[in-house]
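Inspection log for the structure reproduced underneath, given as structure tokens.
Rule-based calculations on the coordinates, nothing more; no lab input. Model, not experiment: these values are computed from the prediction. Positions of Cβ are backbone-derived with ideal geometry, glycine not excepted, and every protein chain shown enters the neighbour counts.
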């Protein structure tokens, strides 16, 4: 069964880029969201296997969004993709429940490597 | 702001162009300008900084450069909306990467993208800004850094873990 993804980022260009890259690697992007509020609502409805999460966003930022999604589903697979390059933020995101963190700017290889690791966990959980 | 802190922005720009465009960017020698005369190209992506450091960081570039970067990222829609989105994202990435140097109390806003230069309301009234000139594919752009240390701010220092 295909791995489903939700892409959360306030930049349309970055959402498109992650979507194109994901689909080229055989993942199915089922939703995109430009802020944390929309992302939480979409997660509740669609329950995607993976979520890519920006941190600096309007309305609800990424850290608050991670908390809300984890409250809905403690097994959510969230990959943070953010420009915030300090260790404290990375640690905080992981404490809130994110499973991975990659920094912007990222290459398609960075993204695919992170997806590959997380998708392996999803497949294991399904067994 | 001390000149050594500028290095993190230089590295950020270099990394951005290498990773996104797959090419080196030529980075010129940084210089100072009065805030009354802000440097600007067609569009500027402005990030407000608060916390232990205050001020703004912005990326300014011509339309052709933004359009070229969009194409290299695989984006076929090079509308003005996407151009402005990209410019905001470049500013956000370079300012966000600077937290590796300044720490989490270098709090950054979501980007605001404007035509031309930021006005006086956005720039700190007193003082000067560092301009980091860039040249890429014969097009000129710049990162402008106008930052000041906030008074009375204490940056948390992590204690070593006892063995």
*For helix B:80-97, report the angle its Cα long axis makes with the longest principal axis of the Cα atoms of chain B; keep it between 0 and 90° and round to the nearest 10°.*
30
_I need the calculated FRET efficiency for the pair residue A:1 and residue A:91, taking r as the beta carbon distance and R₀ as 45 Å, to the nearest 0.05._
0.85
_Once the convex hull of the alpha carbons of the range B:1-53 is built, what does its volume come to per residue, in cubic angstrom?_
135
*Taking the Cα atoms of the range A:72-127, what is the range of coordinates along each of the three principal axes, in descending order and whole Å?*
36, 27, 15
*Compare A:31, A:85, A:93 in a GNM of chain A, Cα atoms joined below 10 Å, and give the one with the largest fluctuation.*
A:85
*Rh by Kirkwood over Cα pairs, then Stokes-Einstein D for the range B:3-149 at 1.567 mPa s and 4 °C, µm²/s*: 86
*Using a Gaussian network for chain A with springs between C-alpha atoms less than 10 Å apart, which of these wobbles most: A:59, A:87, A:104?*
A:87
*Calculated SAXS-style log₁₀ I(q)/I(0) at q = 0.12, 0.17 Å⁻¹ - the range A:11-104, Debye, Cα scatterers*: -0.33, -0.68
_What does the structure give for B:69-75 when I average, per residue, the other chain Cβ atoms found within 10 Å of the residue Cβ?_
3
*How many Cβ atoms of partner chains, on average, are near each residue of B:43-50 if near means within 10 Å of its Cβ?*
0
*So what's the back-of-envelope 222 nm ellipticity for the protein assembly as shown, counting only DSSP H runs of four-plus at -39500 (n - 2.57) apiece and dividing by all residues, rounded to 500?*
-11500 deg cm²/dmol
_Let me make sure I get this right: for the range B:73-143, a, b and c are the square roots of the gyration tensor eigenvalues over alpha carbons, sorted descending. Under 1.5 in a/c it's rounded, otherwise prolate if a/b > b/c, else oblate. Which is it?_
prolate
*Just tell me how shielded B:88-101 is by partners: mean number of partner chain Cβ atoms within 10 Å of each residue's Cβ, no decimals.*
6
*Taking N as the number of residues in the range B:23-66, what is its Cα Rg relative to 2.2 N^0.38 Å?*
1.37
*Taking the protein assembly as shown as the region of interest, what is the percent of Cα-Cα pairs per 10 angstrom bin, listed from the shortest bin to the one with the maximum distance?*
6, 28, 33, 22, 9, 1, 0
